Amino acid sequence: MDYKAAFRDAVQQVHGEGRYRVFADLKRHRGNFPIATWTPPEGNPRDVVVWCSNDYLGQGQNPVILDAMHKAIDEAGAGSGGTRNISGTTCYHVELERELADLHGKQAALLFTSGYVSNETTLATLQKILTGLITFSDELNHASMIAGIRNGGGARKIFRHNDLADLERLLREAPADAPKLVAFESVYSMDGDISDIRATAALAKKYGALTYLDEVHAVGLYGQRGGGVSERDGVADQIDIIEGTLGKAFGVMGGYITADSDLVDAIRSYASGFIFTTSLPPALTAGAVASIRWLKAHNEVREAHQERAATLKRRMLAAGLPVMPSVSHIVPVLVGDPVHCKMVSDMLLSDHGIYVQPINYPTVPRGTERLRFTPTPFHTDAMMDDLVASLERLWAHCNIKRLGGYAA
């Protein structure tokens, strides 16, 4: 077999569909977020404004976090030294898990190397522990959740996005004595909509199901202390497992789950994705502790973040741009074609110094390709003016239809 040709053909297929992804070579500058230096393939580095970072609050630049990370390196060195079971559990890991459990009002927490790993590993492991588990999954759940549910090998039922009537139908049809799990997200990151956590939890309880809530795009951003939408809505105690990330609003890296101590201990004891991997380095865990504590005490940053998102939506809608419905901090603008989506993104970067990544299939369904903007408290009115004016010019230049019927 010509293996090299097979790989080339696979990549060429992606090129042919207009969804080949090109990495933007960026250098962030401490203290100057969201400005970064972009180096194009031909060279000639230039400064750009980053509009698609998941560092939603700019915590990756917070001096409090940076100082904590430097201090941990000075005290403990670079790496953790091993897996959590073999010399890789440090005082920093223990402290962080306590901080996370407190953030969500749970008995315990468990750290993973990323949000993807925490989802994939936990959802698969639950099926090992709970024989015959049926998992009920929202159709727009993240790829990491889908992978975990599939890899567990158990029965799965997919319900229509945020459709509680469809979920109840599936729960009603399932054997009453079978163990059940309802897995869903709070903020769906591509559309920016938010699930009804209270009603979902009540429905799950009615049919004897556990609940698993992905708060990856909400932790740090919602709630008086940053505990996510479940904290904002006062329903965290009604959710059995809350999963989150340290790599977005908290500005560092890692993933975690929080739950009661028995459940966490069971996952810790059975999860291959936790047992057989080197633990996070002390600098990251110390930085995460500092970030969580700082955000618990600074709700004004969350308020500023929401204001910036609302302002950008309002300005885009006033300019007639097709902003998709969003009740969160996510600002998606519909393009509807992968070639046009990449074209607009490329021209924004090369001609206007604006970086926003095109979002194409398989991240979103074909025909719903979009630009996904994530304004932060550090994006100024002047930056917004420049962005909207640039988009208006490109929408006309690229002959992209302005679609009506959208509202923030």
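For region 273-285, how many residues are closer than 19 Å to Ala108 by Cβ, in a loop (DSSP other than H, G, I, E, B) and among the polar types (S, T, N, Q)? Even if it seems obvious, please write down each step before you answer.
Within region 273-285, the first condition is being closer than 19 Å to Ala108 by Cβ, and the residues that meet it are 273-275, 279-280, 285.
With the extra rule that they be in a loop (DSSP other than H, G, I, E, B), the set shrinks to 279-280.
Narrowing further to those that are among the polar types (S, T, N, Q): 279.
Count: 1.
So which residues in region 165-190 are among the hydrophobic types (A, V, I, L, M, F, W, C) and over 23 Å from the mean Cα position of the chain (by Cα)?
Narrowing region 165-190 to residues among the hydrophobic types (A, V, I, L, M, F, W, C): 165, 167, 170-171, 174, 176, 178, 181-184, 187, 190.
Within region 165-190, Ala165, Leu167, Leu170, Leu171, Ala174, Ala176, Ala178 qualify.
Output yes when any residue across region 82-89 is more than 21 Å from Leu348 (Cα to Cα), free of Cβ contacts under 8 Å to residues at least 60 places away in the same chain, surrounded by fewer than 20 Cβ atoms within 10 Å (Cβ to Cβ) and of a type in the set (Ser, Thr, Tyr), and no when none is.
Yes, region 82-89 contains a residue that is more than 21 Å from Leu348 (Cα to Cα), free of Cβ contacts under 8 Å to residues at least 60 places away in the same chain, surrounded by fewer than 20 Cβ atoms within 10 Å (Cβ to Cβ) and of a type in the set (Ser, Thr, Tyr).
Filter region 290-345 down to the residues that are among the basic types (Lys, Arg) and within 14 Å of Tyr56 (Cα to Cα) and list them by number. Quick ask: steps written out before the conclusion?
Kept after step one, since they are among the basic types (Lys, Arg), are these residues of region 290-345: 293, 296, 302, 308, 313-315, 342.
Hits for region 290-345 are Arg302, Arg308.
Tally up the residues in region 237-272 that are open to solvent by 20 Å² or more (accessible area, probe 1.4 Å) and outside any loop (DSSP other than H, G, I, E, B), please.
Qualifying residue count for the region: 11.
Only one of these conditions is not met by Phe23: (1) part of a loop (DSSP other than H, G, I, E, B); (2) open to solvent by less than 50 Å² (accessible area, probe 1.4 Å). Which number is it?
(2)
So how many residues does region 66-94 have that are of a type in the set (Val, Ile, Thr) and either touching a strand residue (DSSP E or B) at 6+ places or on another chain (Cβ under 8 Å) or in a loop (DSSP other than H, G, I, E, B) (or both)?
So in region 66-94, the residues of a type in the set (Val, Ile, Thr) come out as 73, 83, 86, 89-90, 94.
Retained after the next criterion (residues that are either touching a strand residue (DSSP E or B) at 6+ places or on another chain (Cβ under 8 Å) or in a loop (DSSP other than H, G, I, E, B) (or both)): 83, 86, 89-90.
Of the residues in region 66-94, 4 are of a type in the set (Val, Ile, Thr) and either touching a strand residue (DSSP E or B) at 6+ places or on another chain (Cβ under 8 Å) or in a loop (DSSP other than H, G, I, E, B) (or both).
If you check Ala165 against the conditions, is it more than 25 Å from Asp191 (Cα to Cα) and of a type outside the set (Val, Ile, Thr)?
Working: more than 25 Å from Asp191 (Cα to Cα): no; of a type outside the set (Val, Ile, Thr): yes.
For Ala165, the condition - more than 25 Å from Asp191 (Cα to Cα) and of a type outside the set (Val, Ile, Thr) - is not met.
Kindly list, by first and then second residue, each pair from a residue in region 290-312 that is over 13 Å from Ala249 (Cα atoms) to a residue that is open to solvent by 60 Å² or more (accessible area, probe 1.4 Å) and part of a helix (DSSP H, G or I), limited to pairs with Cβ atoms under 8 Å and residues at least 6 apart or on different chains.
So the pair list comes out as Thr311/Asp381.
The values are calculated or read from the model by the stated rules, or taken from the named source; none is laboratory data. The shown structure was predicted, so the numbers you read here are calculated from the model rather than taken from an experiment. Glycine gets a Cβ as well: all are built from the backbone with ideal geometry, and neighbour counts include every protein chain shown. To get the accessible areas, we keep the full protein, side chains included, count just its heavy atoms, and leave off ligands, DNA and RNA. Shrake-Rupley method; radii C 1.70, N 1.55, O 1.52, S 1.80 Å.
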